[in-house]
1. Could you list, by residue number, the cysteines of the chain that have no other cysteine's beta carbon within less than 4.7 Å of their beta carbon?
2. Pull out the extension gain between Asp73 and Ala91, defined as 0.36 nm times the separation in residues minus the alpha carbon to alpha carbon distance; nm, one decimal.
3. Using a 1.4 angstrom probe on heavy atoms only, work out the carbon and sulfur share of the accessible area of segment 31-117 in %.
4. Set the Förster radius R0 to 35 Å, insert the Cβ-Cβ distance between Asp28 and Ser183 as r into 1/(1 + (r/R0)^6), and round the FRET efficiency to 0.05.
5. Given the pairs Lys9/Lys56; Lys4/Lys54; Lys4/Lys56, which are separated by over 20 angstrom at their Cα positions?
6. Set the Förster radius R0 to 25 Å, insert the Cβ-Cβ distance between Arg212 and His154 as r into 1/(1 + (r/R0)^6), and round the FRET efficiency to 0.05.
7. Report the antiparallel proportion of the DSSP beta bridges in the chain as a percent, rounded to a multiple of 5.
8. Straight-line reach from Lys173: which aspartates and glutamates fall under 16 Å, measuring Cα to Cα and dropping same-chain residues less than 8 apart?
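The values are calculated or read from the model by the stated rules, or taken from the named source; none is laboratory data. In this text, all values refer to a predicted model and were calculated from it rather than measured experimentally. Reconstructed Cβ throughout: ideal geometry from the backbone, glycine too, with neighbour counts over all protein chains shown. Please note that ligands, DNA and RNA were not included when accessible areas were found on the heavy atoms of the full protein model with its side chains. Shrake-Rupley method; radii C 1.70, N 1.55, O 1.52, S 1.80 Å.
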Amino acid sequence: MRAKIIDGKEFAERVRMQVGAHVARLKDDHGLTPGLAVVLVGEDPASEVYVRSKGKMTVEVGMESFEHKLPADTSEADLLALIDRLNNDPAVHGILVQLPLPDHLDSDLVINAINPAKDVDGFHISNVGLLGTGQKSMVPCTPLGCLMMLRDHHGSLSGMNAVVVGRSNIVGKPMAQLLLGDSCTVTIAHSRTKDLGEVCRGADILVAAVGRPEMIPGDWVRPGATVIDVGINRIPHPEKEGKTRLVGDVDFASAKEVAGAITPVPGGVGPMTIACLLANTVTACCRANGLEEPEGLTA
Ligand code: NDP
């Protein structure tokens, strides 16, 4: 079997169009412009690239982008003071603090200082609790993007066996909660799981969020299963000396011969993450103003 390739780039484009249309309606009908504030502390080059691209896409869909670049030695008190200002700024509907933060800053403390209603990353402990208890919350962007792709491909996920490999707070655990919310039977696997191959072979939906290049081979994939590869790993290029290339946690070449559908890396889950950040910002703006939320853009 040759799997259908789930095109995350194309899907993310569709999501951004939906977001853009909703932003236009908010402006026309209510005089509202959703605003996203992104806070970057320090000069991590990868983080700078992410922040630039978030800012660019925010503006492209018609929203307001507020970038706050702080020096690496920013004190916790100064960072918390900025978050407090953003929490109280009515033009700001979403706040994202780019992680990782420098070592001297306590990420949990900083994230939990964000107003949960503006926590568009969905990492605030209140949002984690709301998601865990099946209540309306801000949902972490990467798992939200995975869920959207799965719903688009399958329609209903009810009764499917889902295996999530990885139990991190930003991907694995919220992904499992979302799949449970859609009535999948969910297994969470991790580094201590026994006979991981056998566990994976039980999956109708296999989500890999590990951070180990191509560790899941095709013979761990049940024929016809849907494979969502969250992993982003940079490895030396096999043919071009000195160059690198990106691969996922799944061995794409062998898995695509077995799976029913699969996301590629790059061009799968990655582009959906920023699209979902924009979607969450519109959702936050609607909720803050007591307006109807955009359909299909939330969990
Ligand atoms: P973490 O390092 O926080 O978590 C990795 C998880 O994988 C852990 O739960 C760990 O288990 C598990 N794991 C590690 N080794 C094995 C193994 N041999 N067998 C089974 N499980 C294992 O990673 P993240 O969740 O933050 O990210 C995972 C991947 O997703 C990374 O490649 C990251 O770059 C990518 N990513 C992609 C995003 C996107 O936009 N596409 C966004 C966020 C992440 P244990 O808990 O037991 O240690």
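1. Lone cysteines by the Cβ rule: Cys146, Cys184, Cys200, Cys285, Cys286.
2. 3.7 nm
3. Percent of accessible area from carbon and sulfur atoms in segment 31-117: 53.
4. For Asp28 and Ser183, the calculated efficiency is 0.40.
5. Lys4/Lys54; Lys4/Lys56
6. Approximately 0.40, to the nearest 0.05.
7. Taking every DSSP beta bridge within the chain, about 10 percent pair in antiparallel fashion.
8. Output for Lys173: Asp121, Asp182, Asp229.
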